[in-house]
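J.: Have a look at this one before I ask anything.
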Amino acid sequence: RDRAARALAREPAVSRDGVRVLVGVNAAGPADAAAATGADLAGLVRTEFLFLGRDAAPGIDEQEAAYRGIAAALGGRRITLRTLDVGGDKPLPYVAQPAEANPFLGLRGLRLALRAPDLLDTQLRAIVRTAHATPVSVMFPMVSTVAELRAARAALDAAVVAEGRGTPADLQVGMMVEVPAAALKAAAFAPHVDFLSIGTNDLTQYALATERGNDAVAGLADPLDPGVLALVAATCRGAGPDVLVAVCGEAAADEAAATVLLGLGVRELSVAAPAVAATKHTVREIDVCAAAELAARALTAPDADAVRALLSEGP
Ligand code: PEP
Ligand code: MG
């Protein structure tokens, strides 16, 4: 029984009606990758773990070693390296950051990285080196405009040139969708990326104006709110058939949410290591065609409770 369960954990996750869904792990270091039996990839590597709590930024060699360590812990499967995602709420002593009244609306994610080009260039060179050795996707956080994405891609191109070995054959490029306007503009981003990964934690925060971690508004911050789901739907619509849409926020590990997400067109769920096996199981129980009908109804539901009621009823 255990042997059968272990074997199944490594099998691809395919829905009842034959739709392959990638199940990834969110990793904040090699231990998470090592614990993620059966993950098809690391759908999100939060590279902040390398940068926080020290006096100077890690160099290219140290970063490359860390990234290759995560890939090795994952048996050489694809790792999605998110460029540094810090901001006013997570200060770094070696980056000049202004004091901000609203850090979540300020210089965070890619915005900060583009203002700290040495930091971004060093990281991108380490990512390019890693991509010459093992399958890598690079992903930019907190993108609001196409101009920011183009600037990030230009920095990546420069890193490829600086490394002098051409573009790594297996390198894929994507961005996170965490800003409501970016979700609505997905079609404008799509020509510039291989994939979009929805960060439902931040997308929910911004869509519902509910600060993350603020207990007073936690009850409002529900990723199943029909307003948030409409943004997921817009992302999938805008992405078109050639750009994969992933979800790497916590909603990806919620069984009810997974049904709606797949129904709206999401084809990769990336979750914390302990949730990988259960998420694969959830995918195998879903009929994507029926889920699409439920999702369409969820979009017109009045609130998150009504969405949950709809989902517990089933098709
Ligand atoms: C998110 O915002 O959903 C996400 C996955 O990124 P983080 O939680 O690291 O902000
Ligand atoms: Mg985020």
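J.: Any chance you could check the Cα centroid distance between segment 136-211 and segment 247-315 for me, in angstrom?
T.: 24
J.: Could you grab the relative contact order for the chain? Cα pairs under 8 Å, six or more apart, rounded to a whole percent. Each step should come with its number before you reach the end.
T.: On the way: 635 pairs, mean separation 59.9, N = 315.
In percent, rounded to a whole number, it is 19.
J.: Where in segment 1-101 are there trypsin sites (Lys or Arg not before Pro) that are in a DSSP coil and have at most 11 other Cβ atoms within 10 angstrom of their Cβ?
T.: Sparse-neighbourhood loop trypsin sites (Lys or Arg not before Pro): Arg1, Arg54.
J.: From the square roots a ≥ b ≥ c of the eigenvalues of the alpha-carbon gyration tensor of segment 221-279, which class results: rounded (a/c under 1.5), prolate (a/b over b/c), or oblate?
T.: oblate
J.: Most fluctuating residue of Lys280, Lys185, Lys90 in a GNM of the chain with Cα springs under 10 Å: which is it?
T.: Answer for the Gaussian network model of the chain: Lys90.
J.: For segment 250-308, what is the Kirkwood estimate of the hydrodynamic radius, computed as the reciprocal of the mean inverse distance between distinct Cα atoms, to one decimal in Å?
T.: 11.6
J.: Would you mind getting the Kirkwood hydrodynamic radius of segment 97-152 from its Cα pairs, rounded to one decimal in Å?
T.: It works out to 12.6 Å.
J.: Percent of Cα-Cα pairs more than 23 Å apart in segment 57-175, please.
T.: Values: 2069 of 7021 pairs.
Across segment 57-175, Cα pairs with separations above 23 Å total 29 percent.
J.: In addition: Comparing Asp55, Asp85, Asp32, which has the greatest mean-square fluctuation in the GNM of the chain with Cα pairs linked when under 10 Å apart?
T.: Of Asp55, Asp85, Asp32, the Gaussian network model singles out Asp55 as fluctuating most.
J.: Over the Cα atoms of segment 138-180, what radius of gyration and what Dmax do you get, in Å?
T.: Answer for segment 138-180, Rg first and Dmax second: 11.6, 37 Å.
J.: What number, in nm² with one decimal, is the all-direction average of the projected area of the convex hull of the alpha-carbon atoms of segment 162-210?
T.: Working: hull surface 18.8 nm².
Projected over every direction and averaged, the Cα hull of segment 162-210 covers 4.7 nm².
J.: Same structure again: From the helices alone, meaning DSSP H stretches of at least four residues, give me the mean residue ellipticity at 222 nm for the chain, per-run term -39500 (n - 2.57), in deg cm²/dmol to the nearest 500.
T.: Calculated mean residue ellipticity at 222 nm is -13000 deg cm²/dmol.
J.: If you project the alpha carbons of the chain onto the principal axes, what extent comes out on each, in Å, largest first?
T.: Over the chain, Cα extents along the principal axes are 54, 50, 35 Å.
J.: For the chain, take the longest principal axis of its alpha carbons; what is the angle in degrees between that and the long axis of helix 255-264, to the nearest 10 within 0 to 90?
T.: 80
J.: While we're here: When the convex hull of the Cα atoms of segment 1-132 is projected onto a plane and the area is averaged over all directions, what value comes out in nm²?
T.: Value for segment 1-132: 10.4 nm².
J.: So, one more: How large is the charge dipole for segment 213-315, taken about the Cα centre, if only the Cβ atoms of Lys, Arg (+1) and Asp, Glu (-1) carry charge, to the nearest 20 debye?
T.: Values: 6 positive and 14 negative charges, 64 e Å.
It comes to approximately 300 debye.
J.: Between the helical axis of 117-131 and the dominant principal axis of the chain, each derived from Cα atoms, what acute angle in degrees is found, rounded to the nearest 10?
T.: Relative to the chain, helix 117-131 is tipped by roughly 70 degrees.
J.: Express as a percent, rounded to the nearest 5, the fraction of DSSP beta bridges in the chain (both residues included) that run antiparallel.
T.: Once the DSSP bridges in the chain are tallied, antiparallel ones form about 5 percent.
J.: Here is a follow-up. So if I place +1 on the C-beta of Lys and Arg and -1 on the C-beta of Asp and Glu, and nothing else carries charge, what would the dipole magnitude of the chain be about its Cα centre? I want it in debye, nearest 20.
T.: I would put it at about 760 debye.
J.: If one takes the longest principal axis of the Cα atoms in the chain, at what angle in degrees, from 0 to 90 and to the nearest 10, does the Cα axis of helix 276-285 lie?
T.: The answer is roughly 40 degrees.
J.: What is the ratio of the Cα radius of gyration of segment 174-315 to 2.2 N^0.38 Å, where N is its residue count, to two decimals?
T.: Relative to the rule-of-thumb radius for its length, segment 174-315 sits at 0.97.
J.: Quick one: which residues, 5 or more positions from Glu178 or on another chain, have an amide H under 5 Å from its amide H? H modelled 1.01 Å from N in the peptide plane, none for Pro or chain starts.
T.: Those qualifying (amide H under 5 Å, at least 5 residues apart or on another chain) are Met142, Val143, Gly199.
J.: Which residue, Leu105, Leu171, Leu81, has the most motion in a Gaussian network model of the chain that connects Cα atoms within less than 10 Å?
T.: Leu105
Each reported figure results from applying straightforward, stated rules to the coordinates on display, with no laboratory input. In this text the structure is predicted, and so the values were computed from the model without any measurement. Cβ coordinates were reconstructed from backbone atoms using ideal geometry, including for glycine residues, and neighbour counts include every protein chain displayed.
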